[in-house]
Amino acid sequence: VLLSVCLNPAVDVTYQVASTVVPGSSHRVTQVSERAGGKGVNVARVLRQLDAPVRVLALVGGAGGQAIRTGLSAAGIEADLVEVGEPTRRTVTVVDPLDATVFNEPGPVVTGADWAALVQRFRSHLDVAKLVVLSGSLPPGVPVDAYRMLTELGQAAGIPVMVDAEGGPLELALAAKPYLVKPNLAEAQSLLGNIESFGGFGNRLGSSSPTRDEIVAAGRRIQALGARNVVISCGRDGLIAVTEDGDWHAVSAEVLTGNPTGAGDALVAALALGTVTGLPWPQRLRDGVSMSAAAVASPVAGEIDLVVRDRLEPGVRVTQLARAEELER
Ligand SMILES: Nc1ncnc2c1ncn2[C@@H]1O[C@H](COP(=O)(O)OP(=O)(O)O)[C@@H](O)[C@H]1O
Ligand SMILES: [Mg+2]
């Protein structure tokens, strides 16, 4: 089974509005949907859609927690839910014709006893887990090195661990040498910007976009910090993979419009499945790009449009990049 850990799940509320969001004005909501979400839950949903055996381990509380339980069960996803005293959070996404605007609540305060219970449950799943995905933010009270600790536990049991996080939790997790990390460009930039001044790369967030060589170099730096494989996702520009077996750029021939929330989660799901099924990197990355693009085409996060996936897959361009040391020879 693939174990998706979701320490801070959320009830995702999506508002569709007919015209572009203007701060300070009011907007008519044309459609409301509500469902169990959070990155780890979204990863599990996509894996379930792909018929992969998946289990969610999550911290939940209150009415929101009950909604997560119901939502996972309705989706046919196995779940082990550890109850905490405060309610599970909501996230609100406002989707207008051009863009999506997201409001993230911090989540419930988790006690030391809650956290200890989660870690104990985590250990109990390791005898059947083939791969672990750790994704999303940490709720208040969970130690900032939570992902490092879980990565160490998982990998000590011989299970590859993938981490999709940002900031301190990601930075600290690197020390445990996770099998793979998947920052998006902004997350990679802020990670390296926090750690050191990296050829200006860390400071370019929001200004000019970095070149492909700069992104590869960033992936290499993140690898040097501990990750065995690094996939930096670059939105419509696809992804750069810096792996133990080579570097690749993969991009969809088609740019899609829709709801980009959850694209990264679909990418993580595809990479997780490709890892346990032993796909070579180029095919893993091709699947990752076609599935994440197909997530943009689907209006709700945690779901991919399988028709779009099948249409895009053959057109994904996967290019192996020459390594500097190979060019020097
Ligand atoms: N507009 C788009 N068209 C096609 N593919 C996209 C688009 N936006 C995102 N993707 C795909 O989704 C992946 C993850 O998106 P990205 O925005 O980088 O991550 P995150 O959701 O974590 O911020 C990208 O690597 C790319 O393959
Ligand atoms: Mg992401």
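Identification of strands (runs of 3 or more DSSP E) wholly contained in the stretch 76-115 with 1 or more residues that are basic (Lys, Arg), surrounded by 15 or more Cβ atoms within 10 Å (Cβ to Cβ) and modelled with pLDDT of 95 or more yields 89-95. The single condition from (1) more than 16 Å from ligand 1 (Cβ to nearest atom); (2) part of a strand (DSSP E or B) that residue 134 fails is (1). Just to be sure before I move on: is residue 243 away from ligand 1 (no atom under 13 Å from the Cβ) and either under 26 Å from residue 102 (Cβ atoms) or of a type outside the set (A, V, I, L, M) (or both) in the structure I sent? Yes, satisfied.
Taken over the stretch 269-290, the criterion of being of a type in the set (S, T, N, Q) and in contact with a Ser or Thr (Cβ under 9 Å, 6 or more places away or on another chain) is satisfied by 290 alone. Taking the listed residues 90, 28, the one that is more than 25 Å from residue 263 (Cβ to Cβ) and among the charged types (D, E, K, R) is 28, with no other qualifying.
Condition check ((1) charged (D, E, K, R); (2) within 18 Å of residue 268 (Cβ to Cβ)) across all residues:
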| position | (1), (2) |
| --- | --- |
| 44 | no, yes |
| 55 | yes, yes |
| 62 | no, no |
| 67 | no, no |
| 70 | no, no |
| 74 | no, no |
| 78 | yes, no |
| 119 | no, no |
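Residues that are open to solvent by less than 40 Å² (accessible area, probe 1.4 Å) and assigned to a loop (DSSP other than H, G, I, E, B) were ranked within the stretch 257-287; the one that is nearest to residue 137 (Cα to Cα) is 262.
Candidates are the residues of the stretch 7-25 that are touching a residue at least 40 places away in the same chain (Cβ under 8 Å), among the aliphatic types (A, V, I, L, M) and part of a loop (DSSP other than H, G, I, E, B); the one that is farthest from residue 258 (Cα to Cα) is 7.
The values are calculated or read from the model by the stated rules, or taken from the named source; none is laboratory data. Because the structure is a prediction, the values reported are computed rather than measured. Neighbour counts run over all protein chains shown; Cβ positions are idealised from the backbone, glycine included. What goes into the accessible areas is simple: the full protein's heavy atoms, side chains included, and nothing from ligands, DNA or RNA. Shrake-Rupley method; radii C 1.70, N 1.55, O 1.52, S 1.80 Å.
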